[in-house]
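Data block below; observations after.
Laboratory data are not the source of any read-out in this text; all were calculated from the coordinates shown. Only a predicted model underlies this, so the values are computations on that prediction, with no experimental measurement involved. Using ideal geometry, Cβ is built from the backbone for each residue, glycine included, and neighbour counts are taken over all protein chains shown.
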Amino acid sequence: MDDDVPPLRKIIHIDMDAFYASVEQRDNPDLRGQPVAVGGGGPRGVVAAASYEARAFGVRSAMPGARARRLCPTLIFTPPRFDVYRQVSGQVRAIFERFTDIIQPLSLDEAYLDVTENKPGLTSATQVAEQIRQMIREETGLTASAGVSYNKLIAKLASDENKPDGLCVVRPAEGAAFVARMPVRRIHGVGPVTAQRMQALGIETGADLRDRDLRFLEQHFGKSALYYYRAVRGRDDRPVHDREARKSVSVEDTFFTDLVTRDELIQELDRISERLWERITKAQAYGRTVTLKIKFADFAIISRSRSFTLPVRDAATIAETGRALLLAQLPLRMGARLLGLGVHNLEDPEADASAGQLALAI
């Protein structure tokens, strides 16, 4: 099945190491070597980024600040400085542009680069990645990890393999075996809910997934089946887009037990709202429309929206709007198995250069 051979490219995925926290440690010597969390440590605060010292205690991004403090009592919270992060992101972007113009940013701190044809004329993508990492260290004082491979899927997996400050190269002959040994939850495109469904079917690793035929995957995963079938064989023919328009930013959660009461619905929506704001700020993607999604126990879906004249730029408005949209639907006709919150009608990142936005920040 599907014997078309995808084009072989030279792809690098660059991921800055603990970016926000590393910038704070760079700029404040007192924070170096300390467990640091960027974000709010109050009752309603959330961790936007954690240093590697904090991660050793189990602190992770999108975690409630109160829980982070319980895990690491010596944790130091520092408020985010997005203007500084954008400025550093611009420095890194400028380094990328010395090698290629085919750059696909995923957020302020990571991007794909297609270096099949590169400006210095280097034949080795590994050498390109090494030079980029050296320049980032010399010019910003920060470290970055890189994955080098023949497609986007494996390059992204590889960049996480030797973090922090690491380099991993996966050649075409090694791709399928590399994915086969991965836990399925690490494979790009397999979210937490899908990973749980796979595990319930006895699929723990890429090798387990590869052992299932396409028909089986279609029965259980529908339209995503062909992507999974190709991915576990090391195949991904998606190109690196030098400019990819983002249409929305959203977060959804599916629950093992349907939510019924007002308090549990609001509590879960508030958690989703915090995670959504972390994604919005990381991507610098602000929208004018806030949309609530509810999937009921019978799988019926409704959505409700509220639009504003200008893009929403504060977490409180996102949270309050989401709660208002939810409360207007109460009491629900039956329990909710999924809640989602998102922003749409995103602003043009080039519309207001004076605001300091990076049109193609990494």
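Quick check: net charge around D208, other residues with Cβ under 15 Å of its Cβ, Lys/Arg +1 and Asp/Glu -1? Local charge sum for D208: +4. Toward the positive end of the charge dipole of the chain, with +1 on the Cβ of Lys and Arg and -1 on the Cβ of Asp and Glu, the farthest Cα among A336, G90, M198 is that of A336. The list (1) 5, 20, 27, 20, 14, 9, 4, 1, 0; (2) 5, 23, 33, 24, 9, 4, 2, 0; (3) 5, 21, 29, 30, 13, 2, 0 gives values of P(r) over Cα pairs in 10 Å bins from 0, in percent, and only one came from this structure; which label was calculated from it? Given (1) 5, 20, 27, 20, 14, 9, 4, 1, 0; (2) 5, 23, 33, 24, 9, 4, 2, 0; (3) 5, 21, 29, 30, 13, 2, 0, the structure-derived one carries the label (3). If R0 is 30 Å, the Cβ-Cβ spacing of S305 and T254 corresponds to a FRET efficiency of close to 0.90. Between D242 and Q196, the contour length at 0.36 nm per residue exceeds the alpha carbon distance by 13.2 nm. Each residue, E218 and D160, gets one label point 7 Å from its Cα in the Cβ direction; the gap between the two is 2.9 nm. The D101 and A66 beta-carbon pair, evaluated with R₀ = 41 Å, returns a calculated FRET efficiency of approximately 0.35. For the range 84-134, a/c is not less than 1.5, where a ≥ b ≥ c are the root eigenvalues of the C-alpha gyration tensor, and a/b tops b/c. That puts it in the prolate class. Over the residues of the chain, the helix contribution to mean residue ellipticity at 222 nm works out to -10500 deg cm²/dmol, using -39500 (n - 2.57) for each DSSP H run of at least 4.
Calculated on C-alpha atoms, the gyration radius of the range 194-269 divided by its Kirkwood radius gives an Rg/Rh of 1.10. Remark: for residue pairs K163/K223; K119/K282; K10/K282; K247/K293; K10/K152; K156/K282, the C-alpha separation exceeds 21 Å in K163/K223; K119/K282; K10/K282. A cut-off under 12 angstrom between Cβ atoms defines the neighbours of Q25, and their net charge, with Lys, Arg +1 and Asp, Glu -1, is -3.
Of V251, V190, V343, the residue with the greatest mean-square motion in the GNM of the chain, using alpha carbon springs below 10 Å, is V190. Each Lys or Arg adds one and each Asp or Glu subtracts one; over the other residues with Cβ under 15 Å from the Cβ of T261, this totals -1.
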